[in-house]
1. Between GLU281, GLU235, which is assigned to a helix (DSSP H, G or I), acidic (Asp, Glu) and in contact (Cβ under 8 Å) with a residue 12 or more places away in the chain?
2. Answer with yes or no whether GLU317 is part of a strand (DSSP E or B) and not hydrophobic (A, V, I, L, M, F, W, C).
3. Consider segment 115-133. How many of its residues are within 21 Å of the chain's Cα centre (by Cα) and not in a loop (DSSP other than H, G, I, E, B)?
4. Quick check, is SER232 surrounded by fewer than 21 Cβ atoms within 10 Å (Cβ to Cβ), under 30 Å from ALA32 (Cβ atoms), hydroxyl-bearing (Ser, Thr, Tyr) and in contact with a Leu (Cβ under 9 Å, 6 or more places away or on another chain)?
5. Quickly run through segment 238-269 and pick out the residues that are outside any strand (DSSP E or B) and charged (D, E, K, R).
6. Would you mind telling me which numbered condition in (1) outside the structural domain of HIS30 (by TED's automatic domain parsing); (2) in contact (Cβ under 8 Å) with a residue 60 or more places away in the chain GLU172 fails?
7. What residue, of ASP263, ASP275, is surrounded by fewer than 21 Cβ atoms within 10 Å (Cβ to Cβ), within 30 Å of ASP151 (Cα to Cα) and over 22 Å from the mean Cα position of the chain (by Cα)?
8. Here is a list: GLY171, GLY190. Which entry is part of a loop (DSSP other than H, G, I, E, B), among the small types (Gly, Ala, Ser) and at positive phi?
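The values are calculated or read from the model by the stated rules, or taken from the named source; none is laboratory data. Fair warning: this is a prediction, and the values are worked out from it, not measured in the lab. Virtual Cβ from ideal backbone geometry, glycine too; neighbours counted across all protein chains shown.
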Amino acid sequence: MSQPLSASPSTVKPLRLGTRRSPLAMAQAHEARARLAKAWGWDENLIELVPVLASGDKVQDRPLAEIGGKALWTKELDACLADGRIDLAVHSLKDVETIRPSDIYIGAVLPRADVRDVLLGAPSIRAIPEGARVGTSAPRRAAQMLHRRPDVSIVPFRGNVATRMAKLAAGEADVTLLAAAGLERLGESGVGTPLALDDWLPAPSQGAIAIECRAGDRQVREWLAAIDHAPSRAEVMAERALLAGLGGSCHSPIAVLTRHVGDHLAIRCAIYSADGLEMVEATVTAAVGDDEAPRRLAADLLARASPAIGALFAGPE
């Protein structure tokens, strides 16, 4: 690595790291700060956490797709980056829109955590009682569940991890699904049953933390490069290229798993109709950094999709 432009942020003007205010977002911000400080030998106090209330956290009674989609998690932090109130923003990458503003750059992807979903309320999908209520507001989880268990019903379930666990305990649903990575980051890794990746695929970029900065901020980009995890970045960028090829939105049930196989990536993707009754699936092997292979996978899936599936995808962006 080349010599840094500056050894560290100033004690007078520390780096400002923006984050949503939810407990999980704050845990991710603390992890990002710790990794960056350790990489450069800084005191963590040189990185100030700046909590920002996101629109997605204000509205909890409706699915994201009905109130503005993934931009509800990013627009406030984007505005803070643009006007200089923060220097960095930390996100769960699965919540970040596929197409980002040209003046914002993903400076680092941290080592990806467990990508699996965890089932709460039953020991397995097969063991879920007939006719049970499954609490989720994620089209992917709803469609996958209905594909496996068409007898169950889906009930809307929004909120942070603690809120959804409380709703389950209160009987608002019989079972629900949460990301293993989020539970682990909140110290709840012993909760529920992780679902095997062979038959239950995660969301694109699940388990990945991204740190964004202004594209033109050479100094901050250099600092972030020190904590960018190349294998994780390769996986999530392939998945984001797949999303771009599909033209997926918050309405689109997309499940994908990317694994390193030698020096290549194996990308397995399934897309569903909203009711889960129809599904198409395919796998492609791609060289690291080859965005065309994921896009070819997307084109193959869309070419074989039924009208009920195709209606949920816009095609290449």
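1. GLU235
2. So GLU317 does not fit the description; no.
3. Qualifying residue count, segment 115-133: 4.
4. For SER232, the condition - surrounded by fewer than 21 Cβ atoms within 10 Å (Cβ to Cβ), under 30 Å from ALA32 (Cβ atoms), hydroxyl-bearing (Ser, Thr, Tyr) and in contact with a Leu (Cβ under 9 Å, 6 or more places away or on another chain) - is not met.
5. Listed by number, the residues that qualify are GLU239, ARG240, ASP263.
6. Status for GLU172: all satisfied but (2).
7. Matching residue, one of ASP263, ASP275: ASP275.
8. Criteria check complete, one pass: GLY171.
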